[in-house]
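**Student:** I have a structure here, written as structure tokens, and I will follow up with some questions on it.
The values are calculated or read from the model by the stated rules, or taken from the named source; none is laboratory data. Predicted, not measured: the structure shown is a model, and the values here were computed from it. Positions of Cβ are generated from backbone atoms using ideal geometry, with glycine treated the same way; all protein chains shown enter the neighbour counts. Side chains included, ligands, DNA and RNA excluded: accessible areas come from the protein's heavy atoms. Shrake-Rupley method; radii C 1.70, N 1.55, O 1.52, S 1.80 Å.
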Amino acid sequence: MKICVLPGDGIGQEIVGQALRVLDKVGDKFGNTFETTEALIGGCAIDAEGVPLPADTVAKCKDSDAVLLGAVGGPKWDTIDPAIRPEKGLLGIRKELGLFVNLRPANLFKQLSDACYLRPDIVARGLDVIVVRELTGGIYFGEPRFDGVKDGERFGYNTMAYHEYEIRRIAKIAFEVARKRTGRVCSVDKANVLDVSRVWREIVIDEHKNYPDIALSHMYVDNAAMQLVRDPSQFDVIVTGNLFGDILSDEAAAITGSIGMLPSASLGESNPGLYEPIHGSAPDIAGQDKANPLATILSLSMMLRHSFDMDEQAECIDLAVEKTLEQGYRTGDIMQDGCKAVGCIGMTESVLANL
Ligand code: IPM
Ligand code: MG
């Protein structure tokens with residue numbers, strides 16, 4: 001199994017470095033060989049090569065079976081030419097690898113329920129949502145786009161556009177994902193205002209004819225943002241476009257109170273898929289052994305499951321993480337009274353011990 005590793009910026013280096021120790025141990029335990037190669041993306045690539053996504057990085061990713069990414073960006077590159085911002089590296093690799101599906105599970109670890117931002121009676125109803133976000137279309141990539149001057153004033157626009165095939169293939173994935181869960185899909189759009197959303201809704205309804213066992217509902221994005229905090233138990237799978245999915249997945253992750261815990265998978269028609277923690281590069285704590293490595297470690301578990309069909313190995317990682325939480329080990333972001341404070345390395349060591 002060949003894995004291309006893109007640590008990126010900020011805490012990326014630390015969390016990815018620690019996660020790879022877990023991968024090694026899994027390999028030893030189960031007799032699998034994982035071969036890794038590293039490449040640059042984001043700010044570090046800008047510093048070294050002048051672009052956020054060097055051609056060599058794309059080539060190495062395409063030559064791999066899966067990609068593990070840390071995080072990109074930081075204040076150092078905030079004032080750089082927008083055309084080569086670190087984020088462009090991430091958008092570029094998604095497009096290059098055809099990763100149109102973004103799976104973002106947001107669930108509550110029972111050991112961390114005190115960290116949850118919602119009222120206990122709301123949490124008691126359950127919080128286990130997965131956002132299925134369309135990742136290579138919509139307003140992120142739509143043409144035409146413009147950033148300039150018109151009639152003597154600054155002027156800018158982007159285009160939110162979806163082709164039927166793009167909607168159909170993401171809807172299909174959402175229905176398939178729901179089949180392995182509680183069988184409910186909520187499609188989020190803004191069909192009361194946007195033409196593109198009316199097309200979205202029509203195609204989702206049409207594709208649903210192939211999945212009569214799944215319960216499909218629809219919600220406008222503003223209402224969905226509210227319902228997520230009011231009563232997240234009503235959601236199982238949320239399927240939505242690129243921009244709405246970006247916003248709602250941050251919200252879904254944040255209400256669990258542990259954004260440092262949540263992994264994600266970006267998938268296309270075939271490997272390589274790309275796996276990364278949901279959180280960002282956290283430049284304020286970079287290099288201080290404070291970052292929570294669990295989201296990256298759990299991203300590895302998603303990789304083993306989705307790219308390599310290694311369910312048993314994935315389960316082993318998931319259980320080791322749960323046991324570590326059970327034992328009371330906590331990084332700063334999830335610290336609770338009476339728990340044992342550890343850093344990025346310490347947390348990884350206890351996961352390794354539990355493996
Ligand atoms: C995410 C991030 C990215 C996005 C940025 C860093 C380009 O917010 O993965 O959600 O907007 O997709
Ligand atoms: Mg985001």
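**Student:** Name the most mobile residue of 130, 170, 84, meaning the one with the largest mean-square fluctuation, in a Gaussian network model of the chain with Cα contacts below 10 Å.
**Tutor:** 84
**Student:** Taking the chain as a Gaussian network, where each spring joins two C-alpha atoms under 10 Å apart, which residue of 210, 242, 102 fluctuates the most?
**Tutor:** 210
**Student:** Order the following by accessible area, largest value first: 51, 22. Probe radius 1.4 Å; ligands, DNA and RNA are ignored.
**Tutor:** Highest to lowest solvent-accessible surface, that is 51, 22.
**Student:** OK, next. Distance in nm between label sites at residue 62 and residue 289, each 7 Å beyond Cα in the beta-carbon direction?
**Tutor:** Those two pseudo-labels are separated by 4.1 nm.
**Student:** Regarding the range 102-150, what is the average projected area of its C-alpha convex hull, in nm²? Intermediate values should be presented prior to the final figure.
**Tutor:** Values: hull surface 24.9 nm².
Mean projected area for the range 102-150: 6.2 nm², to one decimal.
**Student:** Cα-Cα pairs above 18 Å in the range 305-355: how many percent?
**Tutor:** 36
**Student:** Report Rg(Cα)/(2.2 N^0.38 Å) for the range 117-255, keeping two decimals.
**Tutor:** 1.15
**Student:** Now for a different question. Excluding same-chain pairs closer than 8 in sequence, count the lysine pairs in the range 1-145 whose Cα atoms lie under 28 Å apart.
**Tutor:** Lysine pairs meeting both conditions in the range 1-145 amount to 19.
**Student:** Accessible area, 1.4 Å probe, largest first: how do 110, 323 sort? The partial results should precede the final answer.
**Tutor:** Details: 110 140, 323 105 Å².
My answer, sorted largest first, is 110, 323.
**Student:** What does the accessible area of residue 190 come to, in Å² to the nearest 10, when a probe of 1.4 Å is used?
**Tutor:** Near enough 40 Å² of accessible area.
**Student:** From the Cα gyration tensor of the range 121-172, with a ≥ b ≥ c the square roots of its eigenvalues, which class applies: rounded if a/c is under 1.5, or else prolate if a/b is larger than b/c, or else oblate?
**Tutor:** Oblate shape, in that a/c is at least 1.5 and b/c is the bigger or equal ratio.
**Student:** Of all the accessible heavy-atom surface of the range 117-255, with the other protein chains kept in place and a 1.4 Å probe, what percent is carbon and sulfur? Could the numbers behind the result be given before it?
**Tutor:** Working: 3810 of 6920 Å².
Result for the range 117-255: 55 percent of the exposed heavy-atom area is carbon or sulfur.
**Student:** Something else: Out of all DSSP beta bridges in the range 117-255, what portion is antiparallel? Express it as a percent rounded to 5.
**Tutor:** Roughly 25 percent of the beta bridges in the range 117-255 run antiparallel, per DSSP.
**Student:** Next up: So which aspartates and glutamates can residue 323 reach, going by Cα to Cα under 15 Å and dropping same-chain residues fewer than 8 places off?
**Tutor:** Of all the aspartates and glutamates, those that pass the test against residue 323 - Cα under 15 Å, at least 8 places apart if same chain - are 315, 349.
**Student:** Tell me the accessible surface of residue 306 in square angstrom (1.4 angstrom probe, heavy atoms of protein chains only), to the nearest ten.
**Tutor:** For residue 306, solvent-accessible area is about 90 Å².
**Student:** Then there's this: For the range 1-115, what relative contact order do you get, as a whole percent, if you take Cα pairs closer than 8 Å and at least 6 residues apart?
**Tutor:** Value for the range 1-115: 33 percent.
**Student:** Can I ask one more? How much accessible area per residue does the chain have, counting only protein heavy atoms and a probe of 1.4 Å, in square angstrom?
**Tutor:** Roughly 43 Å² per residue, with all protein chains present.
**Student:** Under 8 Å for C-alpha pairs, at least 6 residues apart: give me the relative contact order for the range 117-255, rounded to a whole percent.
**Tutor:** Here the relative contact order equals 37 percent.
**Student:** Please give me the summed charge of the neighbours of residue 142: other residues whose Cβ is under 13 Å from its Cβ, Lys and Arg +1, Asp and Glu -1.
**Tutor:** -2
**Student:** May I pose another question? What would the Debye formula give as log10 I(q)/I(0) at q = 0.10, 0.12, 0.15 Å⁻¹ for the alpha-carbon point model of the chain, no solvent?
**Tutor:** Debye output, listed in q order: -0.62, -0.91, -1.40.
**Student:** I need the fraction of alpha carbon pairs in the range 1-151 separated by more than 26 Å, rounded to a whole percent.
**Tutor:** Numbers: 4892 of 11325 pairs.
Above the 26 Å cut-off, the range 1-151 has 43 percent of its Cα pairs.
**Student:** Given the Cα-Cα distance of residue 176 and residue 326 and 0.36 nm per residue of separation, how much length would full extension add, in nm?
**Tutor:** 50.8 nm
**Student:** Based on the Cα atoms of the range 189-284, what semi-axes does the equivalent ellipsoid have, where each is the square root of 5 times one gyration tensor eigenvalue, given in whole Å with the largest first?
**Tutor:** After scaling each eigenvalue by five and taking roots: 25, 18, 14 Å.
**Student:** Set the Förster distance to 25 Å, then compute FRET efficiency between residue 151 and residue 83 from the Cβ-Cβ distance, nearest 0.05.
**Tutor:** 0.55
**Student:** Give me the percent relative contact order of the range 220-279, please, defined on Cα pairs under 8 angstrom at least 6 residues apart.
**Tutor:** Working: 37 pairs, mean separation 14.5, N = 60.
Once normalised by length, the contact order is 24 percent.
**Student:** Oh, and also: Picking from 221, 185, 321, which is most flexible by a Gaussian network model of the chain using Cα springs under 10 Å?
**Tutor:** 221
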